[in-house]
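The values are calculated or read from the model by the stated rules, or taken from the named source; none is laboratory data. Keep in mind that this is a model prediction, so the values were computed, not measured. No Cβ is skipped: glycine too gets one built from the backbone with ideal geometry, and neighbour counts run over all protein chains shown. Remember, those area values only see protein heavy atoms, side chains included, never the ligands or the DNA or RNA. Shrake-Rupley method; radii C 1.70, N 1.55, O 1.52, S 1.80 Å.
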Amino acid sequence: QVNASLISGENTLTIAGKERKYNLYIPSSYTNNKEYALAVATHGRTNSKDQVQSYMGLGRQSDFIVVYPAGLPSSSGSSFSWSEKENMTFIDAILKQVSDNYCVNRNEVYAIGHSLGGWMAQRIACLRGEFVNGMAVVGSGGFTGTCTGPVPSLFFQNVDDHLSSYASGVSARNTRLKVNECSESSTENVQIGSLTCTKYNSCSSGNPVVWCEGYTGYNNDPHSWPTE
């Protein structure tokens, strides 16, 4: 049953006494007769929810329902933060609101993020591992909390990333390898577009980790979203 007040566009929730906004994308082919995968896509320190919705292009490539939450703004309004505890309450409230009003397949919930938003995506996957079914991050350091479960994971990290170091990306990957109980000695090459990536196979059932580097970013920026 679709709630007409929950629109495909900007929506508002009140969390910890603050108005929190998120963009909701509903595919034009949406019908109540089908369950849809849901992706939560989190922006970085200096890019807004509107900017990541534009450049990630998730709605153009799938029939997923996609939500783009806005982090808490700094006092100057020039940057955003995801570190506050209330941000997890915000994510939980978004998932509940969207699931209450649209047909969401709770076996296909994904966390996607870029830069600081990649850290937040890892935080979501770690703390909500019991229902997050996949994670993909670009150019981000890792979240180091105690995880509730393994999650299939995809990492993009350039060696010469000047804003999120290669070492921090490797550390994030290694943390996830431990959580997913992967052996670092069992790998194979896999293709993602034209990019050859490394897949760690010997993990807990259904929870591989894939590592990609050497991709081209927009404007040839090694920290930006992959052009593919």
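Per residue, how large is the accessible surface of the chain? Use a 1.4 angstrom probe and give square angstrom.
Accessible area per residue, the chain: 46 Å².
Identify the chymotrypsin sites (Phe, Trp or Tyr not before Pro) of region 81-141 meeting these criteria: DSSP loop state and at most 16 other C-beta atoms within 10 Å of the C-beta.
Passing sites in region 81-141 are PHE131.
What is the list of residues in region 81-121 whose amide nitrogen lies under 20 Å from a point 7 angstrom out from the Cα of ASN32, following Cα to Cβ?
Answer for region 81-121: 96-106.
Can you list residues from other chains, or at least 5 along the same chain, whose modelled amide H is less than 5 Å from the amide H of GLU10?
LEU24
How many percent of the accessible area of region 1-150 is carbon or sulfur, using a 1.4 Å probe?
48 percent
To the nearest 0.05, how large is the calculated FRET efficiency for LYS85 and GLU19 if R₀ is 22 Å and r is the Cβ-Cβ distance?
It comes to 0.80.
Taking a ≥ b ≥ c as the square roots of the Cα gyration tensor eigenvalues, with a/c under 1.5 meaning rounded and otherwise prolate when a/b beats b/c, else oblate, which class fits region 2-109?
Details: a/c = 2.11, a/b = 1.53, b/c = 1.38.
Cα axes put region 2-109 in the prolate bin.
Quick one: length gained pulling SER75 to GLU188 fully straight, 0.36 nm per residue minus the C-alpha distance?
36.0 nm
Suppose a student asked you for the relative contact order of the chain, using Cα pairs under 8 Å spaced at least 6 residues apart; what percent would you report?
15 percent
Using 18 Å as the cut-off for backbone N distance, which residues of region 147-176 belong to the label zone defined by a point 7 Å from the Cα of ASN107 along Cα→Cβ?
150-152, by backbone N distance to the label point.
Using the Karplus equation 6.51 cos²θ - 1.76 cosθ + 1.60 (θ = phi - 60°), what ³J(HN,Hα) coupling, rounded to whole Hz, does each residue of region 8-19 give in order, writing x for Gly and Pro?
Working through the residues one at a time gives 7, x, 7, 10, 10, 10, 9, 10, 6, x, 10, 6 Hz.
Rounded to the nearest 500, what is the chain's calculated 222 nm mean residue ellipticity when only DSSP H runs of at least 4 contribute -39500 (n - 2.57) each, over all residues?
-7000 deg cm²/dmol
In terms of solvent-accessible area of protein heavy atoms at a 1.4 angstrom probe, what is the ranking of VAL170, VAL98, highest value first?
These residues rank, largest area first, as VAL170, VAL98.
Quick check: from the Cα gyration tensor, does region 103-218 come out rounded (a/c under 1.5), prolate or oblate?
Taking the square roots of the gyration eigenvalues as a ≥ b ≥ c, region 103-218 is rounded.
Could you go through region 136-146 in sequence order and give the Karplus-derived ³J(HN,Hα) for each residue, using 6.51 cos²θ - 1.76 cosθ + 1.60 with θ = phi - 60°, rounded to whole Hz, and x for Gly and Pro?
9, 9, 10, x, 8, x, x, 8, 10, x, 7
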